[in-house]
Amino acid sequence: MPTIRTTLLYTGRALPDLDAISTALNARVHRLGVRLQDDGNPDPHHAIFCSPDWQISVTAAAAPLPAETFHGAMDSILSQTVIGGLGPILLDHRAHVQIDVVSVRQAATPATWLDAQRLAHAAATVVAEAEGPAAIHWEPSHQLLTGQQYAQMASEQTPWPLFANTTIARSADATKTSLRIDNAADFIGRPILFPDTDLSLDLAYAAALSFLRHAVETGAPIPDGHSFGPEDGYVVQVTHATATAALPQGSFVLRTVSSPRKHTGSRAGAMPLPTAVGLGREVVLDQTRERTRSLAISFMMLVLLPPVGLVLLFSNGLLRPSSGRTGFVAMTALAIVMVIGGYTFLNVVAEDTATLNRTAAIEVQSLAD
């Protein structure tokens, strides 16, 4: 089975004390039926914890990771909500802690894949509690999120928003949303597609994760043609799509039934995940805040530097609003204007002073003449 790796990023040089996490880690993984032993490595920057089935390696390094490590890691829903803050963290991080989880003797199955991620999450939570990271890179789903986002998942044994990389797309008129969870295939054999739904982002996100959770917990997906959803609410119908060239494993396709109706199949998994709903609403709120901050900076620049303000308004209209990008452009423009203004002012002052000092150019004539 491949190594499950997660990395905690730190913008300062302070790193957690690895000697002190053994007790806390064992208390955390005990709920997963695992008992770990410290190998007694005297290296303060490296620790290994073992059980008959698992090995967890924790390595601290006072060095940044190369930028290519995170290529494409900010495309998921979780990353997009805080993308303005993640960019500076990647540029400024100075240290990291890498956690590797390896199955010692178990076969590679969806069950062991999930267990390994639960162990990695337990270890990462303990390290994060010892020294809070600025961001965390969850490599199995290739997602990057802030330390604050990760802290909200600390109490969960199986944080599906973290384990499942959910990406979104909008229709041209922004009236419909499409979701897909490609790495759902690691857990249930096929990706999950939720195309062109009229549901709000938080409800669609909750429904997709609810379908995934139900399939994992029960050992089988909701049957083909059956539907699920909250009582007296929206209804989502499930189709087990056959393999295609693009999706050789097939896929689970979710489609919204626009009006509530009597369910034709399984009621299991009817209620969406509370965590997914909460994160979905947080996505919407964060996107609204990001847009508000971006537009506020743009309008301010429209007053101070009209051409730059217009450019920022157009860019935030055409691209995803980003207060980080907008603020950087605004500060750069103001800095350029200040440099040019200061240079011009100093040159004018220097020229006037030189003219006054040219005493030879002043002619003196006697009034008597």
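Values as computed for the structure displayed
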{"item": "Residue within the range 60-68 that is closer than 23 Å to Thr146 by Cα, among the hydrophobic types (A, V, I, L, M, F, W, C), free of Cβ contacts under 8 Å to residues at least 40 places away in the same chain and assigned to a loop (DSSP other than H, G, I, E, B) present", "result": "yes"}
{"item": "Any chance Leu212 is open to solvent by less than 20 Å² (accessible area, probe 1.4 Å), of a type in the set (A, V, I, L, M, F, W, C) and outside any loop (DSSP other than H, G, I, E, B)", "result": "yes"}
{"item": "Residues located in the range 1-38, provided they are among the hydroxyl-bearing types (Ser, Thr, Tyr), out of contact with any helix residue (DSSP H, G or I) (no Cβ under 6 Å at 6 or more places or on another chain) and not in a loop (DSSP other than H, G, I, E, B)", "result": "Thr7, Tyr10, Ser22, Thr23"}
{"item": "The range 29-58 residues that are closer than 16 Å to Asp115 by Cα, paired with ones that are assigned to a helix (DSSP H, G or I) and among the basic types (Lys, Arg) (beta carbon under 6 Å, 6 or more apart)", "result": "Leu32/Arg118"}
{"item": "Some residue of the range 166-179 being touching a strand residue (DSSP E or B) at 6+ places or on another chain (Cβ under 7 Å), open to solvent by less than 30 Å² (accessible area, probe 1.4 Å), touching a residue at least 40 places away in the same chain (Cβ under 8 Å) and not in a strand (DSSP E or B)", "result": "no"}
{"item": "Checklist (1) surrounded by fewer than 21 Cβ atoms within 10 Å (Cβ to Cβ); (2) closer than 18 Å to Val257 by Cβ applied to Pro191, failing item", "result": "(2)"}
{"item": "Ala151 vs. criteria among the aliphatic types (A, V, I, L, M), within 15 Å of the chain's Cα centre (by Cα), more than 24 Å from Gly250 (Cα to Cα) and surrounded by fewer than 20 Cβ atoms within 10 Å (Cβ to Cβ)", "result": "yes"}
{"item": "Of all residues making up the range 215-229, the number that are crowded, with 19+ Cβ neighbours inside 10 Å and part of a loop (DSSP other than H, G, I, E, B)", "result": "3"}
{"item": "Scope the range 113-148; condition in contact with a Leu (Cβ under 9 Å, 6 or more places away or on another chain), open to solvent by less than 10 Å² (accessible area, probe 1.4 Å) and of a type in the set (Gly, Ala, Ser); matching residues", "result": "Ala122, Ala123, Ala124, Ala135, Ser141"}
{"item": "Listing of strands (runs of 3 or more DSSP E) fully contained in the range 84-162 that carry 1 or more residues being in contact (Cβ under 8 Å) with a residue 12 or more places away in the chain, farther than 21 Å from Leu209 by Cα and charged (D, E, K, R)", "result": "95-103"}
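Quick grid of which residues meet (1) under 22 Å from the mean Cα position of the chain (by Cα); (2) open to solvent by 50 Å² or more (accessible area, probe 1.4 Å):
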| residue | (1), (2) |
| --- | --- |
| Thr6 | yes, no |
| Leu9 | yes, no |
| Ala20 | no, yes |
| Cys50 | no, no |
| Met74 | yes, no |
| Leu86 | yes, no |
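The values are calculated or read from the model by the stated rules, or taken from the named source; none is laboratory data. Not measured: the values here are computed from a predicted model. Because the Cβ atoms are built from the backbone with ideal geometry, glycine has one as well, and the counts that use them run over all protein chains shown. To get the accessible areas, we keep the full protein, side chains included, count just its heavy atoms, and leave off ligands, DNA and RNA. Shrake-Rupley method; radii C 1.70, N 1.55, O 1.52, S 1.80 Å.
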